[in-house]
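Computed from the coordinates by the stated procedures, all read-outs in this text should not be read as laboratory data. These figures come from a predicted structure and were not determined experimentally. Neighbour counts are summed over all protein chains in view; Cβ atoms, including those assigned to glycine, are modelled from backbone coordinates with ideal geometry.
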Amino acid sequence: MNIIVIGRRGQRPYRLDITLKQAGWAAMMAMGSLFLGAISLGYWLGESQGGSESDTLATIAALKESIDQQKAQLAEKEQQHQQALDALARELGRLQARSVRMDELALRLADVADFDLKDLNREWSQTPGTGSGPVESARPLAMDEFQQYVLQLSHRLERQEEQLSLLSTRMQGQLRDARFVPQGRPVQSGWLSSLYGKRVDPITGKTARHGGLDFSGHMGTPVQAVADGVVVWSGPRYGYGNLVEIDHGNGYITRYAHNRRNLVEVGERVQRGQSIAEMGKSGRATGPHVHFEILFNNRRLNPRPFLG
C-alpha cells in the first residue's frame, strides 16, 4: 500500500510504503486506544455520580437525626407540661378542700354569732368590679409564673383557714364558757321588787343588808337557771325556805330561794333557761317571789349587772 503525504506549499510530497500487515496493526492500536478512553471516561462518570449519591445520603441521615432530636425535645416538653398540669390539678384539689373547710367554718361562726349568711352570699355571688389604668405593655403569662400565683393563693387561703379555725375555736370556747357565767333574769314574767344592798327589812322593819334581788310574781311562776351548772343544794334552808343552789364550776354560784316547789335534785346538771323551781313564799317571805343571789368565790355580788 502506497500513501502519498503532501506537505506545505513549495515542499515536495513524499510517499509511504505500508504493507497490509502493518495497516492491520495500526488499526488494532487505534481501536485499543478508543476502548481504553471509553473505560476511563466511564470510570470517571461513575465516580462522579457515586460521590453525589453519598453526599445526598449523608444529608438525609443528618436531617433524620435532627428530626429525631426535635421529636425527643418535643416529647420532653410535653412531659414537662403534663407534669406541671398534674401539679396544678393536685393544687386545685387542695384549694377545693380548703374552700369547703372555709365554708364550714363560716357557717359555724355565723351560727355562733347568730348571723344570717344569705345577704353575704348574695354579695359574693356577684362578680367583683376590678380594673386598671392604661396598659403600657402586656405579655402572656408563663407556666412557671402561673404556678407561682396559684402557690401564693394556696398559702393565703391556708393562712385564712388557720385564722378562721382559731377564731371559731376561740368563739366557741368563749360561748361555752359564757354559758357557765350567770346572765339574765331568773323569771320570764314578774317584776323587780327589792334591790341589792342596804334596805329596810320588810319583816323586822330594821335596816339590813339584802344579799340579792327579789322578783315578785304569781304563785307557781317558773324559776329558771341563769347559767349551766350542777345542783349542789335542793331543799329547805334556814331563812331561804326551799332553796336551789347551782355551782357553775368557774367560781360562780347562784341561789334561788322561797320556792313553792323545787324541780331539780342535788347532782343534776342543768342548762341556762331550764325550769328548776316554782315561785312561792316559803321561809322569810311576805308574798310570792324569788330571792336571787350570785356569789363569786364565796363572795356575794350585786346581780343587777348580770341581768343583761
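Multiplying the sequence separation of Asn250 and Ala106 by 0.36 nm and subtracting their Cα-Cα distance, what value in nm do you get? Before the final figure, lay out the partial values.
Values: separation 144, 0.36 × 144 = 51.84 nm, distance 2.95 nm.
Length gained, Asn250 through Ala106: 48.9 nm.
Using 1/(1 + (r/R0)^6) with R0 = 22 angstrom and r between the beta carbons of Glu161 and Ala87, what's the FRET efficiency to the nearest 0.05?
E between Glu161 and Ala87, to the nearest 0.05, is 0.60.
Gain in length, Arg304 to Leu192, computed as 0.36 nm per residue apart minus the alpha-carbon separation, to one decimal in nm?
39.3 nm
For the range 191-306, what does the alpha-carbon gyration tensor say about shape, rounded, prolate or oblate, given a ≥ b ≥ c as the root eigenvalues, a/c under 1.5 as rounded, and a/b over b/c as prolate?
Oblate, because a/c is 1.5 or more while a/b does not exceed b/c.
Please give the net charge around Gln83, taking every other residue with its beta carbon less than 14 angstrom from that of Gln83, where Lys and Arg add +1 and Asp and Glu add -1. Write out the running numbers ahead of the final one.
On the way: positive: Lys77, Arg90; negative: Glu76, Glu78, Asp86, Glu91, Asp144.
Around Gln83, the charge tally is -3.
For a footprinting-style exposure proxy, rank His289, His248 by other Cβ within 10 Å, fewest first.
Ordered from fewest to most neighbouring Cβ atoms within 10 Å, His289, His248 come out as His248, His289.
What ranking do Met219, Met171, Met279 get, fewest neighbouring Cβ atoms within 10 angstrom at the top?
By the 10 Å Cβ count, ascending, the order reads Met219, Met171, Met279.
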